[in-house]
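Have a look at the structure below before the remarks.
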Amino acid sequence: MIIETNGFQLFYEKRGDGDGEPLLLLHGGSGSGADWQHVFTAGDPDGFHLLIPDARGHGRSTNPSRTFTFRQAAVDAFALLDHLGIARVKTIGLSLGAKTLLHMATQQPERIDAMVLVSATPRFPAQAREAMAQLSVDAFDEAAWAAQRQRHVHGDDQIRTLFDTLRGLKDDPGDMAFTPPQLAAITARTLIVHGDRDPLYPVELALEMYRAIPAAALWVVPNAGHGPIFGALAAPFVETALAHLKGAGRI
């Protein structure tokens, strides 16, 4: 389904139990909502009504402005919730999606009941900015282009623009600059999931968020890198994340 909002076309899927609680799933950078099928490998979770958007410029969503900020991504997500008449939501965000959730949970704290932040960060450390500087389609071979074209359906210009905008995020000092007092305004029950070998965001940044967010729990995944929720890690993640969202989680 597509809605016109904030100057672009936002694509989203609705799946799962129509009578269940709304669960918003926000994918990672250069990904799409379809990526969640590789996390929920056993099928859609019981008791939830899934809302799965493609972020601005990703997947089947457009981006005429050719710009991207996490702050705007949060506004876009709220526009989707408003369109659907959803006042309060539970949510999981991965990397780009998790950073979007930090903005959502500080812009309108009352609307986020519980959330799971996977590979989030309050700011971009030097190693992340260095990695972002390397984001480019110039090194793509035919296989890489084919994979990107399957994921992002609006043509090569969309893909080039997407990687240009993601690379440019390193140059915005204000978009990801959360201080402990700002994080302390978050009221959502929060589970922070972080690989102890994340090459972009050191685990100290996860600990900083854990200490600042009042109702937070921290799960440091051993021997794991960025986005530790795929492959063999998918099943334990789903079990723990859903328990947290349902209010039964204990770390």
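Before moving on, here are some points about what is shown:
- Rounded to whole Hz, the Karplus (6.51, -1.76, 1.60) HN-Hα couplings of region 75-84, x for glycine and proline: 4, 4, 5, 5, 4, 5, 4, 4, 4, 8
- Summing Lys and Arg as +1 and Asp and Glu as -1 over all other residues whose Cβ lies under 13 Å from the Cβ of residue 45 gives a net charge of -2.
- In the chain, one over the average inverse separation of all distinct C-alpha pairs is 18.2 Å, which is the Kirkwood hydrodynamic radius.
- Largest to smallest accessible area among 239, 208 [probe 1.4 Å]: 239, 208
- Note on residue 127 and residue 143: the extension gain reaches 3.0 nm, defined as 0.36 nm multiplied by sequence separation minus the Cα-Cα distance.
- Mean Cβ count within 10 Å, highest first, over the residues of peptides 32-40, 149-157: 32-40, 149-157
- Counted by Cβ distance under 14 Å from residue 24, the other residues give a net charge of -2, where Lys and Arg count +1 and Asp and Glu count -1.
- Signed unit charges on C-beta, dipole axis of the chain, positive-most listed residue 168, 203, 222: 203
- Estimated 222 nm signal from helices in the chain, with DSSP H stretches of n ≥ 4 weighted -39500 (n - 2.57), rounded to 500: -10000 deg cm²/dmol
- The lysines within cross-link reach of residue 90, meaning a Cα-to-Cα straight distance under 25 Å and a gap of 8 or more places when in the same chain, are 14, 99, 246.
- Summed residue charge, Cβ within 10 Å of residue 122's Cβ, Lys/Arg positive, Asp/Glu negative: +1
The values are calculated or read from the model by the stated rules, or taken from the named source; none is laboratory data. Values in this document were obtained by computation on a predicted structure and should not be read as measured data. Every residue, glycine among them, receives a Cβ derived from its backbone with ideal geometry; neighbour counts consider all protein chains shown. All accessible areas refer to the heavy atoms of the entire protein, side chains included, with ligands and DNA or RNA removed. Shrake-Rupley method; radii C 1.70, N 1.55, O 1.52, S 1.80 Å.
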